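Where a number appears in this text, it was derived from the coordinates with a stated rule and is not lab data. Source: prediction; values computed, not measured. Here Cβ is always computed from backbone atoms with ideal geometry, including for glycine, and neighbour counts include all displayed protein chains.
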Amino acid sequence: MSTPPVQETSPTFVGMPAFPKAAHEALANTQQRANLHNATHTIRAKRASVVAEVPEWEALRVAGADAKDEALHHLGDYLEQLEESLTANGAVVHWARDADEANRIVVDIARSKEVDEVVKVKSMATQEIELNEALEEAGISAWETDLAELIVQLFGDRPSHILVPAIHRNRTEIRDVFLRQMGEFGRPAPADLTDDPARLAEAARLHLREKFLRARVAVSGANFAIADTGTLVVVESEGNGRMCLTLPETLISVVGIEKVLPTWDDLAPMLQLLPRSSTGERMNPYTTMWSGVHEGDGPQEVHVILLDNGRSHVLADALGRQALRCIRCSACLNVCPVYERTGGHAYGSVYPGPIGAVLNPQLRGTASEIDQSLPYASSLCGACFDACPVRINIPELLVELRGTVAEQGGHRAESAAMKAAAWVLSDPRRLAVAQKGATTAGRLLGKRTITKVPGLGAWTDARNVPSPPTETFRQWWARERGETSGTQEEEQR
Amino acid sequence: MTATKPPVTDLRVALFATCFNDTMWPETPRATVRLLERLGVTVEFPMDQTCCGQMMTNTGYAGKAVPLVRRFVDVFAGYDAVVAPSGSCVGSVREQHPMIAHLAGDPGLASQVEQVRPRVYELSEFLVDVLGVTDVGASFPHRVTYHPTCHSLRMLRVGDKPLQLLRAVRGIDLVELEGAEECCGFGGTFAVKNAEVSVAMGTDKARHVTDTGAEVLVAGDNSCLAHIGGILGRQHSGIRRMHLAEILASTEEDPA
């Protein structure tokens, strides 16, 4: 059996350049920009209309945030409860500190079943730990079965969106890759395939069906893990998840420890918040819930790997821990004006967009160029906070993370400039002196249009500079009203 | 309520000009003074004011903003209302100063911040919420489009207050801006740290502005206006940018 083209164009996100550099390339990709603009605006409008029809939306957001906070504030207790309930239900619980541990557990289970392939339900956690690559190294093919993940896999590409990972591709590109690649890994696409969405879906369905029916092991994540009942929940739209979660004999679920919810009742707000926020649907088409093993029904061996991989580090930060509420709906991506223009790859992670700009430096630390640049990849416009169904204050977290980066001394010139600005602004006399530079320039330049200022190329490459005035406001006030502050009088004497 | 019957307020009102306006756009705080005095408000300008510290805070140097927050609460402690012609700076005062005081580990400063910050208003909030006026007696017979800036919209939630004020202006032809609520791409140091994305966002905003056929682009923040206006200027669009205060200060006798 051939192995899927696991991200052959760019094996991983490791060594990604800083965001502005990656964004430069993304901005020049006009096809991608058109695709992104259309897709984000479509989902944005759908979400806005289904959210608007829920009068208690704000109360739901609070309920969702509260349920997650309750779980996070007592995470140890709820995880132990989850382990107990899962075990009582016949599941096997594994704990993984990091990606390596989690990958090793999955590979060991797959090997013990003597399989050379697994089918996969779309899962952010397994992408985060690069499970497909680990399986490939062990000689095991991992077949993505979500349509968009299949597209990404056939391209040998990386996902660029949490929910719609092939958002940067259009249907003509998809038809071409189906014709080119599907036959390499299984049932080929029909030769007369068009870019009609129904035809594309049919080709994918036929290609995937033989994999569903053959696979003996499936790998999934989980949207929620209910502590009191020991239930895992997967929410999806295509039915591929249902196939993977019910047909194979063995099911392995990799679940981030922040996915735990205290009680069954906590699902109620979540199942209203998630579909409306993510796909802009009132209810998602397939919600699969399983509580361990049931004889003669579904997988007879159920493994749950509870994954930390940096999450307990995020939990330790009193302000930052709210990012762990994230339910991966991607509403923040769809409303983000930065994401809309750069796409997901520029964020250097499977978590792109505003939540990625927060979560990646939180989970991975701020040692790399890309992780240092991510907190600045935002205009702090606040659209993400408004859209977030669990009220993660992303702008606030970005500002906090900027503080972390600045403390590392990452930008020496900037640090000096901020120090100087603070020194000037902490005293009105110093400010008045500094303002003389502006008014002098204003008098010299008159009404001339300013298109170039040495050292300000980042601004002036595409924008004119406002003409400085000949008199500041405080000079005008002092002249008109004859008022000066005590400190200024001193200076003027 | 109309301008012929000026609202009487016995509030002690201070103008917070903001450092950018003071230095680069003095016509805006001047218009604010003219407008408020026309409405019967006595405005004081405490000369010891400087800056809210937003630039330091948002760039990751919140520690450097501590002395600025101290100065802010000292300078404005005695006032019933502090008015600023900037949604962004008021947003910083109201939403970020508590965090900076907390960072400073100074409970005294934190309680001073709690005293002062609820009394700090963006101009349209002060006019509509405090003075209870939407018709300020202004006249501006031009085609105008309004860009709601992100911090006034999503931090302060000024809603349609600026539009209520603009709709009451004599002679104005107020045209809707497509994608009005989308960020213009300024974002403080974002404009230079991520200049290309910033310009891509600003170019789309400028295109929407141009499409309205407006002569004048108005907003409540000169920083965003400098960015969009800088792009419009580079395009030689001929569209003038004005702060909300300047349009509201404009009258038939003294047109802007």
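Shown is the FRET efficiency for B:Arg240 and A:Thr263, computed with R0 = 60 Å from the Cβ-Cβ distance and rounded to the nearest 0.05: 0.50.
Dipole orientation for the stretch B:143-249: of the candidates B:Ile239, B:Ala249, B:Gly188, B:Ala249 has the Cα lying most toward the positive pole (charges on Cβ; Lys, Arg +1; Asp, Glu -1).
For a 4.7 Å threshold on C-beta separation, the list of partnerless cysteines in chain A reads A:Cys244, A:Cys326, A:Cys329, A:Cys336, A:Cys388. Sorted largest first, the principal axis extents computed over the alpha-carbon atoms of the stretch A:413-492 equal 42, 33, 14 Å. Selection among B:Gly108, B:Val43, B:Thr18 by position relative to the dipole of chain B gives B:Gly108 as farthest towards the positive end (Cβ unit charges, Cα centre). Too long at a 27 Å Cα-Cα cut-off: which of A:Lys21/A:Lys259; A:Lys46/A:Lys122; A:Lys419/B:Lys161; A:Lys120/A:Lys259; A:Lys452/B:Lys64; B:Lys161/B:Lys205? The pairs that break the limit, which is 27 Å between Cα atoms, are A:Lys21/A:Lys259; A:Lys419/B:Lys161; A:Lys452/B:Lys64. From helices alone, chain B scores -12000 deg cm²/dmol at 222 nm; the rule is -39500 (n - 2.57) for each run of n ≥ 4 DSSP H residues, then divide by the residue total. When only alpha carbons are used to place a centre, the stretch A:410-451 and the stretch B:129-159 end up 30 Å from one another.
Applied to the stretch B:130-135, the Karplus parametrisation 6.51 cos²θ - 1.76 cosθ + 1.60 on θ = phi - 60° returns per-residue 3J(HN,Hα) values of 8, 7, x, 10, 10, 9 Hz, with x for Gly and Pro.
Ordered by the number of other Cβ atoms lying within 10 Å of each residue's own Cβ, fewest first, A:Arg448, A:Arg429 fall into the sequence A:Arg448, A:Arg429.
Here A:Lys452, A:Lys211, A:Lys21, B:Lys205 are placed in order of increasing Cβ neighbour count within 10 Å, fewest first, which gives A:Lys452, A:Lys21, A:Lys211, B:Lys205.
Distances longer than 31 Å among the Cα atoms of chain A: what percent of all pairs is that? Looking at chain A, the distances longer than 31 Å represent 50 percent of pairs.
Distance from the Cα centroid of the stretch B:225-239 to that of the stretch A:33-64 is 32 Å (rounded to whole angstrom).
Residues whose amide H falls under 5 Å from that of B:Val82, counting only those 5 or more places apart or on a different chain, are B:Ala14, B:Val120, B:Tyr121, with hydrogens built in the peptide plane.
Radius of gyration (Cα atoms) of chain B, expressed as a multiple of 2.2 N^0.38 Å: 0.99.
Here the Debye sum runs over all C-alpha atoms of the stretch A:19-312 as equal scatterers in vacuum, and log10 of I(q)/I(0) at q = 0.17 Å⁻¹ comes out as -1.51. Computed from backbone phi, the HN-Hα couplings of the stretch A:296-309 come to x, 9, x, x, 9, 9, 10, 10, 10, 9, 8, 9, 8, 6 Hz, rounded to whole numbers (Karplus: 6.51 cos²θ - 1.76 cosθ + 1.60, θ = phi - 60°; Gly and Pro given as x).
Per residue of peptide B:198-205, the mean number of Cβ atoms on other chains within 10 Å of the residue Cβ is 5. Of the residues B:Glu27, A:Glu173, the one with the fewest other Cβ atoms within 10 Å heads the list, and the complete ranking is A:Glu173, B:Glu27.
Working from label points 7 Å from Cα in the Cα-to-Cβ sense, the A:Arg430 to A:Ala52 distance is 5.0 nm. Each part gets one Cα centre, and for the stretch B:8-28 versus the stretch A:314-331 those centres are 39 Å apart. In summary, the helical segments of chain A meeting the span-like criteria, namely a full DSSP H run, a Cα extent along the axis of 15 angstrom or more and a mean Kyte-Doolittle hydropathy of at least -0.5, are A:57-73, A:75-88, A:99-112, A:197-214, A:267-278, A:353-364, A:394-407, A:412-425, A:428-445. Let a ≥ b ≥ c be the square roots of the eigenvalues of the Cα gyration tensor of the stretch A:202-298; is it rounded (a/c under 1.5), or, if not, prolate (a/b larger than b/c) or oblate? Oblate shape, in that a/c is at least 1.5 and b/c is the bigger or equal ratio. Between amide H atoms placed 1.01 Å from N, distances below 5 Å from B:Ser139 occur with B:Arg170, B:Ser250, B:Thr251, B:Glu252, all of them 5 or more places distant or on a separate chain.
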